[in-house]
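All remarks here apply to the structure that follows.
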Amino acid sequence: MRRMSSPMIAPSILSADFARLGAEIDAVGGPEGADWVHVDVMDNHFVPNLTLGLPVVQSLLTATTIPLDCHLMIDEPGRWAPPYAEAGAHNVTFHAEATDDPVAVAKDIRAAGGKAGLAIKPGTAFEPYIEVLKSFDTLLVMSVEPGFGGQSFIADVLDKARAARKLVDSDELKLLVEIDGGINADTIEQAAAAGVDCFVAGSAVYNAADPAEAVRKLRAQAAATPRV
């Protein structure tokens, strides 16, 4: 089956030069450039790494018109996630494993003006969250262990993307299926075939000589791949 809408590419600034974040985001803009910019927020508690937080996101929002896709790898998302939506982030995703009440967090994100996303680690089952996902706009399937960029793609997680795609296509869920981790020219077709809508790509974009062209090529690859 051919896909019905254009695939989305969300370059991850985790692979960008942190000393030049404004310029690095500009580098993926322009015609047919990035659909979203993926911002990885890590607190050194939920994951063993520390990146950036709300003040940097607030600054980035003044520097670009590309929607920000904030992926919060943090403890206490109920406390920390809504302020990202209040600041103007388009999509605010937190981890299912970080809270006992993801629906309440999603409601607060939406009330603050953002779209709500739920992320699940490679080892987390999809099925227990099917009802929960009716309160979300995005499902983020992690295809690496969260915490660091540049990891190898875990193909087994594509079963979750396929399962979610079936529920979306049957109107049981109304959300975007997003994937994050190890996405590049060698792996994007597998993910596209599984029914993914949005592809987070870090190293594949920011290690390229022309990041904007890398975005266009990845999108074209995904668009040419039939869903199976």
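Values quoted throughout were computed directly from the atomic coordinates according to the rules given, and no laboratory measurement underlies them. This one's a predicted model, so the numbers in the text were calculated from it and none came from an experiment. Don't worry about glycine lacking a Cβ; one is built from the backbone with ideal geometry, like all the others, and counts go over all protein chains shown.
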key: Hz values of 3J(HN,Hα) by residue in the stretch 213-228 - Karplus curve (6.51, -1.76, 1.60), Gly and Pro given as x   = 5, 4, 4, 4, 5, 5, 4, 5, 4, 5, 5, 7, 9, x, 6, 10
inquiry  = As a quick test, which of the pairs Lys115/Lys160; Lys107/Lys217; Lys121/Lys174 have an alpha carbon distance above 25 angstrom in this structure?
reply    = Lys107/Lys217
query = Can you list the HN-Hα couplings for the stretch 122-129, worked out from phi with the Karplus curve (6.51, -1.76, 1.60; θ = phi - 60°), rounded to whole Hz and with x for Gly and Pro?
reply = x, x, 8, 5, 7, 4, x, 9
query = Gain in length, Asp186 to Phe148, computed as 0.36 nm per residue apart minus the alpha-carbon separation, to one decimal in nm?
reply = 11.7 nm
Convex hull per residue volume in Å³, alpha carbons only, for the chain = 109 Å³
task = Please tell me the relative contact order of the stretch 163-228 in percent, rounded to the nearest whole number, where contacts are Cα pairs under 8 Å and at least six residues apart.
result = 33 percent
remark   = Given backbone amide H placed at 1.01 Å from N, residues whose amide H is under 5 Å from that of His38, ignoring those fewer than 5 places away on the same chain, are Ser12, Ile13, Asp69
note = Mean shadow area (nm²) of the C-alpha convex hull around the stretch 1-129 is 9.2 nm²
query = Any idea how far apart Val132 and Asn44 come out in nm if each label point goes 7 Å out from Cα toward Cβ?
reply = 2.8 nm
ask   = Would you list Ser135, Ser143 from fewest to most Cβ contacts within 10 Å?
value = Ser135, Ser143
ask   = Quick one: Ile154, Ile130, fewest Cβ neighbours within 10 Å first, how do they rank?
value = Ile130, Ile154
The chain - mean residue ellipticity at 222 nm from DSSP helices (-39,500 (n - 2.57) per run, n ≥ 4, rounded to 500) = -9000 deg cm²/dmol
key: Cα point-scatterer Debye curve for the stretch 61-166, base-10 log of I(q)/I(0) at q = 0.15, 0.17 Å⁻¹   = -0.61, -0.78
